[in-house]
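> Attaching a single structure in structure tokens format; questions to follow.
Please treat every number below as a calculation from the coordinates, not as lab data. It should be emphasised that the depicted structure is a prediction, and the values quoted were computed from it without experimental measurement. Note that we place each Cβ from the backbone using ideal geometry, even for glycine, and neighbour counts take in every protein chain shown.
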């Protein structure tokens, strides 16, 4: 297995240098998110863009000097344009074609085509058993997906809204997250749990929940959040190929984003962050929808003479402290902008992690802008004030850079 | 099972020589002779025609029933003493009294069929091919346990034996079992899944959700309610409006079985497997009884009388029933059976002694098996590059 991985590492490195940022002596001079082109036939189940695994080796310090280039997400000009939900569907379809064990289950995913059209036309193509319409029973169909994963199937469990998965919390926490551990490694749960969450357009409190904070302490699962069509497809594929249970957070308002993505097949790394805009003055860490609020604020900030570095952290568990650390070393100021709740949210964890690891590099306390700790109200103006808006981001950066 | 049969034959042959063997006809040609036994009570069906009361068995099978059940009984009693000696900690839910369900079920199926159960899993683990050493080591938290000492009493698993655990949360294993059946249907292998739950879990919503889905998609799932009449400390009539659990599937057919009769269990499981492969889910309610309390922290006598417990032990004990069958059909003598029990006792004691010497898990095991090795994520918290805790 190791030998195969080495070859792929060499192959992918030769093609586009898309190797995992490695702390070992050889530093590959390529960007974190460059376009790895991996041929589907040469690939074992596990590897994504990082061909060489640091199998079991824990690095003592999250520090390295690495050259990052500023290739943005939709790098190659040829390619095809599509919307985010179509990108998710493409990723899902490609994986289902590639591996007959991949199946989808959720409410309205089959004949209806998915409430956000992510699984449109998949049921006629793959059959009702592979794209399974479940009754409205989140607890049990999540459990069912996990039981199927125990035998080797690779289910993609869709929650129509992530908030509904609170009903399945026991299954996700105890069975999905912990079974690999309590069985002493006998069972792996290669399941993907995905669904839209976040604050939408006046959907009401129960349909505007952010569950990242609730799930983040569950041991054994990985969490990623997609924000562009490019990373949506890449993360979906990586999540399906991963042997660990992955929770993929999508956002209700981002499904109609349009972007040009490469024609070639690509898979992104589940544990990496994305450099959206390199800069010098301040590091802004964000994910999912808030990335767009940040970029909007960045326009104003640039006009005012600031040079913020924006990183889309993408991987919510574990954090990519490597990329983040490098950025902190450079800018010495951190602003976290997130849609999660203030209390116990991703921002809170990230603040703690950065403080613990990179305290010496900080010139100012970390500012964390999160949603207010309130149920999301229905009224439009109130809903706006629940989440972080661009003017607040501008003010925070100005405050940090004083 | 194959192992016990071999031992049985040698044990029997050892005693054959001094006695007049012609009267006994227990030599090797006996394995082909069938004995037909009637189950203690007839089966009751719900929306289905129950199978016949007459069960075919062989002397070999009966001996293996006796042996396996006696082993399980001995193991559970030994676990009781180990718990009181504080070698087993936490929760320990014992299965003595209910052995017939485990043994009868094994007799009707093969290792490709899946079994999943809740926390009263020690004996089913043994039935699925788990060894005594693995189970005692796991109970004592040693690294040679079936889950490397990280699971404990409620998390026994045996992937090769088709045993999917071992789950602590009441009822959570039912959707998992449904998923196992789904995978079997998906892969088109002709196997079934037995999902065991108790009378306490029979009131969980998850059960009915899982039943609905299994029936909707004709999954080969057999839901077995091990009704020992007490959900922890609450009697079944105090927890369920309708304690006829085999009927609560409504559109799913059900069968009520005497769970203290291993042959009845075997008949029912074989019938259920045939049914599930053709027509989808079926519920089996095993009317059984546990002698111990719900767990070792429960004396078991505050919500039921000692007379009741000893009454059941007198009249319905599964091992005694098989013993009587063996004696009445002249398959073995009193002395032979007692010798088998002694031998098993020794086996269990040896396994315990060996397990006691097993080492505890290494500190580094704290962090293994959180994620699958080699698949990218190496650590488990926000700080993925360093193990923050300093372990002794």
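> Provide the percentage of antiparallel DSSP beta bridges, counting only those with both residues in chain B; round to the nearest 5.
On the way: 10 of 31 bridges.
Close to 30 percent.
> Rounded if a/c is under 1.5, else prolate if a/b is larger than b/c, else oblate: which is the stretch B:88-203, with a ≥ b ≥ c the root eigenvalues of its Cα gyration tensor?
prolate
> Another question, then. Is there a simple number for the mean count of other chain Cβ atoms within 10 Å of the Cβ of residues in A:170-183, and what is it?
Per residue, the number of nearby Cβ atoms from other chains is 6 on average.
> What is the stretch A:94-196 by shape, rounded, prolate or oblate, if you read a ≥ b ≥ c off the alpha carbon gyration tensor as root eigenvalues and call it rounded for a/c under 1.5, prolate for a/b larger than b/c, and oblate otherwise?
oblate
> Here's another thing I want to ask about it. Percent of Cα-Cα pairs more than 24 Å apart in the stretch A:230-335, please.
29 percent
> Additional query: If you find the alpha carbon centre of the stretch B:58-111 and of the stretch B:151-213, how far apart are they in angstrom?
Cα centroid to Cα centroid, the span is 20 Å.
> Computed from the mean reciprocal separation of all distinct C-alpha pairs, what Kirkwood hydrodynamic radius does the stretch A:324-383 have, in Å?
12.6 Å
> Got a sec? How would B:176, B:344 order by Cβ neighbour count within 10 Å, fewest to most?
B:344, B:176
> As a test, work out the antiparallel percent of DSSP beta bridges whose residues both lie in the stretch B:183-323, rounded to the nearest 5. Write out the running numbers ahead of the final one.
On the way: 2 of 19 bridges.
If I count the DSSP bridges inside the stretch B:183-323, around 10 percent turn out antiparallel.
> Right, next: Going by how many other beta carbons lie within 10 Å of each one, how would you line up A:342, B:67, A:314, fewest first?
A:342, B:67, A:314
> I would also like to ask the following. Can you put B:335, A:237 in order, fewest other beta carbons within 10 Å first?
Going from sparsest to densest Cβ surroundings: B:335, A:237.
> Any chance you could list P(r) for the stretch B:137-216, counting all Cα-Cα pairs in 5 angstrom bins from zero, rounded to whole %?
It works out to 3, 14, 20, 21, 16, 14, 8, 3, 0, in whole percents.
> Please work out the Cα center distance from the stretch B:255-277 to the stretch A:93-160, rounded to the nearest Å.
Going from one Cα centre to the other spans 33 Å.
> Helix-only mean residue ellipticity at 222 nm, chain B, DSSP H runs n ≥ 4 weighted -39,500 (n - 2.57), per residue, nearest 500. What is it?
-13000 deg cm²/dmol
> Using a 10 Å cut-off on Cβ to Cβ distances, tally the other chain neighbours for every residue of A:184-193 and report the average as a whole number.
Averaged over the peptide's residues, the number is 5.
> Would the stretch A:290-402 count as rounded, prolate or oblate if I go by the C-alpha gyration tensor, calling it rounded below 1.5 in a/c and otherwise prolate when a/b exceeds b/c, oblate otherwise?
Values: a/c = 1.98, a/b = 1.27, b/c = 1.56.
Verdict is oblate for the stretch A:290-402.
> Over the stretch B:325-374, what per residue volume does the convex hull of the Cα atoms give, in whole Å³?
Hull volume over Cα atoms, normalised by residue count, gives 138 Å³.
> Can you give the average number of partner chain beta-carbon atoms within 10 Å of each beta-carbon in peptide B:205-213, as a whole number?
5
> Can you tell me the order of B:243-255, A:134-146 when each peptide is scored by its average per-residue count of other Cβ atoms within 10 angstrom, highest first?
Output ranking for B:243-255, A:134-146: A:134-146, B:243-255.
> Can you check how the C-alpha radius of gyration of chain B compares to 2.2 N^0.38 Å, as a plain ratio?
Computed over Cα atoms of chain B, the ratio equals 1.02.
> Quickly work out the residue B:244-to-residue A:398 label distance, labels modelled 7 Å from Cα along the C-beta direction, and quote it in nm with one decimal.
Once both label points are built, they end up 7.6 nm from each other.
> Continuing with the same structure: What Kirkwood radius, in Å to one decimal, follows from the Cα pairs of the stretch B:28-106?
For the stretch B:28-106, the Kirkwood estimate is 15.4 Å.
> How big is D for the stretch A:228-279, in µm² s⁻¹ as a whole number, if Stokes-Einstein is applied with the Kirkwood radius of its Cα pairs at 37 °C and 0.692 mPa s? Mind dumping the intermediate values first?
Working: Rh = 12.4 Å.
In µm²/s, the coefficient rounds to 265.
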